[in-house]
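Reviewing the structure listed below.
The values are calculated or read from the model by the stated rules, or taken from the named source; none is laboratory data. Nothing here was measured: the structure is a model prediction, and the numbers come from that model. We place every Cβ from the backbone using ideal geometry, glycine too, and count neighbours over all the protein chains shown. Areas reflect the complete protein model, heavy atoms only, side chains present, ligands, DNA and RNA absent. Shrake-Rupley method; radii C 1.70, N 1.55, O 1.52, S 1.80 Å.
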Amino acid sequence: MKKIVLIGGIGSGKSSVCEAFGRLGAGVVKLDDIGHEVLSFPATKAALRQAFGNAIFDDGGDVVRSRLAAAAFDSAEHTQLLNSITHPAIMDECFRRVDMLGEAHDIVVVEVTSGEMTREAFSWADAVVAVSAPEEVRLARACARGGQSESDVRARMAQQPSDEQRASIADYVIDNSGSVEQMDHAVQTVWSALAR
């Protein structure tokens, strides 16, 4: 089984690329999905309460993701603090799912949205694939998904590595600035190389 890390900035179309890999037969693990689940873990909630206060919780004691985002993405220090709390639990669950999917798939793609973007951080992976698109395209996509203002999206972009930084640690780069057909073709090309 080959473990592939998929990286890209907000609005780059990582999820669409993930789905394209899935259609070709890859197992897919999305760290964002795991990240949402981890927010319900008692130990995570306790650490988040200590770091960001009670304002990020609703009356029932659940984390309100929009409030957490506002508190965590307002500075690089707060983003780092959030990652230090959630990252270990996310990665434990990630590796559990990768092993499980590896029993049925030759390639498992892990979509990574945050955390340390270095080759060392992905030493467990067989390859790194970066998804890129121009900033204005990414901004339009992220805002179109709803729930985030342009200023929120720009603030998150400012906290993330650039496409150039991601490309520098990637084995493959998928340009996702064009049509769905162009994206599918690019994914197929990378898939063929990975399957060799």
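Things to note:
- The heavy atoms of S123 offer some 90 square angstrom of accessible surface to a 1.4 angstrom probe.
- Net length gained if the chain between V137 and S192 were fully extended (0.36 nm per residue, minus Cα distance): 17.1 nm
- Rough spin-label spacing in nm, given labels placed 7 Å along Cα→Cβ, for M100 and S162: 4.0 nm
- Counting only protein chain heavy atoms and rolling a 1.4 Å probe, the accessible areas of D106, D171 rank, largest first, as D106, D171.
- Each 10 Å bin, from zero up to the one with the longest distance, holds this percent of the alpha carbon pairs of the stretch 51-151: 11, 32, 37, 19, 1.
- Stretchable slack from S123 to S151, in nm (0.36 nm times residue separation minus alpha-carbon distance): 6.7 nm
- Residues in the stretch 96-113 carry Karplus couplings, in order, of 4, 5, 4, 4, 5, 5, x, 6, 10, 10, 6, 10, 10, 9, 10, 7, 10, 10 Hz; the curve used is 6.51 cos²θ - 1.76 cosθ + 1.60 with θ = phi - 60°, and Gly or Pro positions show x.
- Rounded to the nearest 10 degrees, the inclination of helix 135-144 to the longest alpha-carbon principal axis of the chain is 60 degrees.
- Percent accessible area from carbon and sulfur atoms, the chain, protein chains only, probe 1.4 Å: 50 percent
- For a modelled paramagnetic label at R23, 7 Å from Cα along Cα-to-Cβ, the residues of the stretch 165-196 in reach, with backbone nitrogen under 13 Å, are 179-189.
- Cα-Cα pairs of the stretch 97-196 separated by more than 21 Å (percent): 45 percent
- Accessible area (Å², 1.4 Å probe, nearest 10) - E19: 100 Å²
- Charge dipole (debye, nearest 20) of the stretch 30-121; +1 at Cβ of Lys and Arg, -1 at Cβ of Asp and Glu: 240 debye
- Packing-based order for 85-91, 148-154, using average beta carbon neighbours within 10 Å, highest first: 85-91, 148-154
- Its Cα gyration tensor gives the stretch 1-76 an equivalent ellipsoid; the semi-axes, largest first and in whole Å, are 30, 14, 11.
- Most to least accessible of S179, S12 (protein chains only, probe 1.4 Å): S179, S12
- Approximating the spin labels as points 7 Å out from Cα along Cα→Cβ, the E37-to-D62 distance works out to 1.6 nm.
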